[in-house]
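Contents: one structure, followed by commentary.
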Amino acid sequence: MLKHPVERFIHISSAEAYGTAAFVPMSEDHPLNPTTPYASAKAGADRLVYSYHVTYGLPALILRPFNTYGPHQHLEKVIPRFITSALMDEPLVIHGDGRHSRDWVYVEDLCQAFDRAIHGDFTHLRGEAVNLGTGVETPILAIAELILDLLGKPRSLLTFSADRPGQVVCHLASADKAFTLLGWKATTKIDEGMARTIRWYADHQEWWQRRLWMRAVTITDSKGRISTY
């Protein structure tokens, strides 16, 4: 980056770097208290980019998206996992009691924010960190119930398991800075975005069923070690 100067360097960080909300809504000044190794890596990269801005003048902008959802999302994520489970009439497994809440951002809204960061006036963006969220929180249990209701599936498919280690209890973005600096505001409501997302997975079952099959393939190597994909 120092040998090959750029006009702007946009780093996609994550709201995971914040950890559980110490206060809501979570502004960009919220402490970075990651609760998992994944989130710690995100926080480390976030601060590394910032250090290059401070020390070397790198024209950097740090974007911190909150929980994104929409078509083509990897099946390990909770919303596509819930949707595909419901389409197959399989249980929707919820970690803990489902009261943990997130700020869910529809992918098309997020792409609009990225576009503004890439093409907008960079004068006031250098060295800034900007949240990309809706300012609305929805519990994970409510997401599962919404998916079942939109698909006309029974809520008896809801099942509960032990909570995940390092689970974040609450994420809720302050989106004021994004509006001030990028002129951006998320416009897709959760029920509208979820209906679009469900429709995509329902219309592209071959796409995700193939990935489910690949994940279930078991391979034994020459030393007898077993790997499941």
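Read the figures in this text as sums done on the coordinates, not as results from a lab. Quick caveat, the model's predicted, so the values are computed rather than measured. Virtual Cβ from ideal backbone geometry, glycine too; neighbours counted across all protein chains shown.
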- Item | Reach of Lys153 by Cα under 29 Å, taken over lysines that are not fewer than 8 positions away in the same chain | Lys77, Lys189
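Within the range 64-132, report the chymotrypsin sites (Phe, Trp or Tyr not before Pro) that DSSP leaves as loop and that have at most 11 other Cβ atoms within 10 Å.
Values: sites: Phe66, Tyr69, Phe82, Trp104, Tyr106, Phe114, Phe122; in loops: Phe66, Phe122.
Here no chymotrypsin sites (Phe, Trp or Tyr not before Pro) fit, given the DSSP loop and packing criteria.
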- For the range 82-190, listing trypsin sites (Lys or Arg not before Pro) in a DSSP loop whose Cβ sees at most 14 other Cβ atoms within 10 Å gives Arg99, Arg126, Lys185, Lys189
- If one takes the longest principal axis of the Cα atoms in the chain, at what angle in degrees, from 0 to 90 and to the nearest 10, does the Cα axis of helix 37-56 lie? 20
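Based on the Kirkwood radius over alpha-carbon pairs, what is the Stokes-Einstein translational diffusion coefficient of the range 39-114 at 20 °C with 1.002 mPa s viscosity, in µm²/s?
Values: Rh = 15.3 Å.
Rounded, D is 140 µm²/s.
Considering only DSSP beta bridges with both partners in the range 62-175, what is the antiparallel share in %, to the nearest 5?
On the way: 2 of 14 bridges.
About 15 percent, rounded to the nearest 5.
To the nearest whole percent, what portion of all C-alpha pairs in the chain is separated by more than 26 angstrom?
45
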- Message: What is the angle, in °, between the Cα long axis of helix 205-215 and the longest principal axis of the Cα atoms in the chain? Nearest 10 is fine, range 0 to 90.
- Response: 90
- If one takes the longest principal axis of the Cα atoms in the chain, at what angle in degrees, from 0 to 90 and to the nearest 10, does the Cα axis of helix 140-151 lie? 60
